[in-house]
Each structure stands twice: as C-alpha cells, then as structure tokens.
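The next block holds one structure in the form of structure tokens; read it before the comments.
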Amino acid sequence: MSKHNYKKILKLFLRIVFIVIVLLSIAIVSVAGTVMFVRWHRDVQEKNSGDRNFIENIFVKEKEKEPTVTCLFLGVNGNLTDFIMLGQYDPNTREIDLLSIPRDTNVGKNSVDGKINSVKSSNKDGIEAIKKTVTEITGIKVDYYIVFKTKILRELVDEIGGVTVDVPINMNYDDPYQNLHIHLNKGTQVLNGSKAEQFCRFRKNNNGTGYPGGDVERTKTQQKFIMAFISEILKAENISKIPDLINIVLEGTQTDITLDVTKNYVDDVIALRTDRISTNTIPGEGRMGRSQLGYNTSYYYIDKEAAKVMIDEMFYNIKPKESGEVVEEALSSDVVTTKTDKDEDTVRIELLNAGAQTSVLNSLVEKLKEENFYVVKIGNYDSTKKETSRIIDYGVGSTALLNELKSIVKINKVESSEEESTVDYTIIIGPNYN
C-alpha cells in the first residue's frame, strides 16, 4: 500500500456521492433518493477512551476538520421536477441529512406558475435556477446536482434482488397516457423493479382516494423506501454488485459528478450505517392559492420559522433554545455547510483480499461491524506471491484494542507500520484463511 494511494483518498469529492447516487436513483418520475458519500476521514478515536493512556492522549494530533458536502437530487417527469431532495454529508461525523421539498412548494416568481417543480423548465439555465431557489428556501449552498431518469429504479432494484417494504394502503391507479399502471396490495412484501416503480410513483387511486396526509405523507413513504433500499444494498451478498450499480446509475443520470471520481470509492459503500441517516420534509402546509397566471391551484407554503429550526438542527447541529439556555445561532445572512463534530466510537479497517473467497470477506465484514470495527475499504492486495493473513498496525490504537481485533478475526500475525494512513488497521486475508 503506497502513500500515493492514500493521498488520492484525501481529495474532497467524495465517497458519499456514490452512495447518494445509488440510493437516490429511486428517483424515477417523482422519487429519487439520496445518500452521498465522501471518504471516511475523521479524527483518530479509540473504541473506549480508557484504551489510550495519558501520554498518548497528550501527543495525538488533532486532524483538520473537513467541510460538509451538499447535493441536490431531482426526479424529472417530462418538463416537471416532481421529486426534490437536498442531501448533506458530514465527513467528520459520517452523517447524512436528507431534506425533502414538496413539488408544489410556492416559490413566487421563480417559476411560471409559482411552483418549485416548474422552476427548471421556466428558466433558460434550469439547473442553476433550481439550485438558487433551493438555496433561497433553505439557506444551504448546493455543491452538486443529480437528475434521475425513470429506468434507474427498475434496473437497480432488480439487480439487488428486490426491496422489502410495507405498502401502507391498497394502490390501484391507471393512466394510459403515461402507460402507468399501479396495482399493489397493502402489506409487507418484496417489490421487484417494476413494482418498486409503481410504489414510488403512486399519488392516488382511480376513485380519488390516496394517502390520508396527501403529498406530505407520500413523501414520508418514499423516504421509508429509500431506507429499505439502502439496507438491501448494504447486505453482504450485494456488496460485490456495487460496480454494476454504479454503471446503471451513471447511464441514467444528468450530473456534474464524474465516473472517474466515483470509481475511486466503489468499495467504501459498506462503511455506511443507516442509523447515521436522517430524513425530513421541510415544514409547511398545503392550501389553495391564486397563481400569477390568474387561476386557483394547490400550493405548499413553507413555515419559515419552523423550517429554520429544522434546518439549523439537521444541517448545523444547532438545537432549539430552551428556557435559560444559550445556544449559538448560525448567521441567517451566511450560507454555511458545516456542522459541529461529534464523538466517534468505532475503529476503521481496510480489508485486502490476497486470495480468499469472496464469501469469506463478506462474513468477516459482518463480524467486524457487530463489534464496531467498521470496514471502510475493501480491495485486492497487490502482490503476485502467496500471502499469509496478517494485520498491519499503524500505531494508532492501544495494545488492548489490537488484542481485541486479533481475537475477532482470529489472526495473530501483526506487522507494525509508520506509514501515514487514513485507517486504523489493514487486514490482509490470505488464501488459507478460514
């Protein structure tokens, strides 16, 4: 492992991006999910603070914090942008925040009919216009964008063997003009690609009934689908399919994220944890209003005060004020994309295959995760000779921590290295490992 390879990882364009692309490819007509990813670069932490002695604590240098990265996800239906979600990834805390913006959100003169879903088609530079509009609404600067095509959802879901979801109501809708036919029964079930598309595009039944809470409840249902989709991708048996998923996604998207960048971080998807993902819908209410074209239509009006509280907490980690408590507030005139750091209690592992079966690696990944040793990189060990299984120790952890790792992976051979690394340990798995 050369220093050159690790320096690549120090680029801030971002392993979170791939996760987000894959997840939010469920964007079909009205749904795109998200989850971005940048490299898992964080301050060195021990599993327990007691594992490091007093002298070690004094001399460990704190690494520079990294800025967060944002991405706007758009699901397009004809000329309209029917799915809008703003995602942010914080590489310091490894957290992902996803904020849905309803398609009927009132944005005044930014679009021809006052709705956010027509901003893109109402302006010459549609992408820049909707990015600017989202920033005006949220105060969050948009770094990148992804526009999803319909076919992605079907192909991705079929590639991973389906997604298990709880269909909340009976869904029966037919639109011959769009060649859209939705027929799903209520209850928990495994959806293939075609049925997943039906689930995500559903708005109402042929008889006019639908979600009791309207589009807001529909958005929440879509968010649940995103989480279920992520969980399927993170299963050990699907990790090896990541390269195929990337190709499916990039063939069906319009984005300023390049293939070369995402390929550098394909193996890092497994480091994602669903308990570090938060989803919300920007607060507001739906009611009728008069458009600038002179007709009445339904709008979603944002509750600006409630939205500020939610965005402060989600994107800046600023908690609402309580009686007698002083909380630092973000300046409303500034567009910021940083969040305060949070404690980590996990150890980062690089896992390199030197001739073992893929099933062996998948099993080892799951075992390490259970013990809070997170595999953030999987690859092949660059060698033509037969290798023995061993652990490379970069001198970050304590003796107790190393002994615990040895016990978990059943490897006693350890090599010390002074090479600078973004992981705590590298584990090489030879052909005779069992």
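The values are calculated or read from the model by the stated rules, or taken from the named source; none is laboratory data. Keep in mind the model is a prediction, meaning the values are calculated, not measured. Virtual Cβ from ideal backbone geometry, glycine too; neighbours counted across all protein chains shown.
Summary of computed values
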read-out	value
Filtered residues of the stretch 196-249 (kept if in a helix (DSSP H, G or I) and within 20 Å of GLU285 (Cα to Cα))	GLY214, ASP215, VAL216, GLU217, ARG218, THR219, LYS220, THR221, GLN222, GLN223
Residues being more than 33 Å from the chain's Cα centre (by Cα) and closer than 20 Å to ILE378 by Cβ - total across the stretch 394-410	0
Hey, GLU251 charged (D, E, K, R) and modelled with pLDDT of 90 or more or not	no
Test: residue in the stretch 227-234 that is modelled with pLDDT under 85 and closer than 21 Å to GLU350 by Cα	yes
Residue count, the stretch 213-222 (criterion: modelled with pLDDT of 80 or more and either outside the structural domain of GLY193 (by TED's automatic domain parsing) or surrounded by fewer than 19 Cβ atoms within 10 Å (Cβ to Cβ) (or both))	2
Residues of the stretch 149-180 that turn out to be assigned to a strand (DSSP E or B), buried (at least 16 other Cβ atoms within 10 Å of the Cβ) and among the hydroxyl-bearing types (Ser, Thr, Tyr), as a count	1
Number of the exception - VAL190 against (1) part of a helix (DSSP H, G or I); (2) modelled with pLDDT of 90 or more; (3) β-branched (Val, Ile, Thr)	(1)
One residue from GLY395, GLY430 being within 26 Å of LYS65 (Cα to Cα) and in contact with a Ser or Thr (Cβ under 7 Å, 6 or more places away or on another chain)	GLY395
Of the criteria (1) more than 27 Å from ASN106 (Cβ to Cβ); (2) crowded, with 20+ Cβ neighbours inside 10 Å; (3) polar (S, T, N, Q), which one THR138 fails	(1)
Residue in the stretch 115-124 that is assigned to a strand (DSSP E or B), within 27 Å of THR274 (Cβ to Cβ) and touching a residue at least 12 places away in the same chain (Cβ under 8 Å) present	no
Candidates ASN185, ASN179 - the one that is modelled with pLDDT of 90 or more and out of contact with any Pro (no Cβ under 7 Å at 6 or more places or on another chain)	ASN185
Members of the stretch 89-111 that are assigned to a strand (DSSP E or B) and either over 12 Å from the mean Cα position of the chain (by Cα) or buried (at least 24 other Cβ atoms within 10 Å of the Cβ) (or both)	TYR89, ASP90, ILE96, ASP97, LEU98, LEU99, SER100, THR105, ASN106
Options ALA330, ALA356; residue that is in a loop (DSSP other than H, G, I, E, B) and at pLDDT below 50	ALA330
Condition met for VAL266 (among the aliphatic types (A, V, I, L, M), at pLDDT below 75 and within 30 Å of VAL409 (Cβ to Cβ))	yes
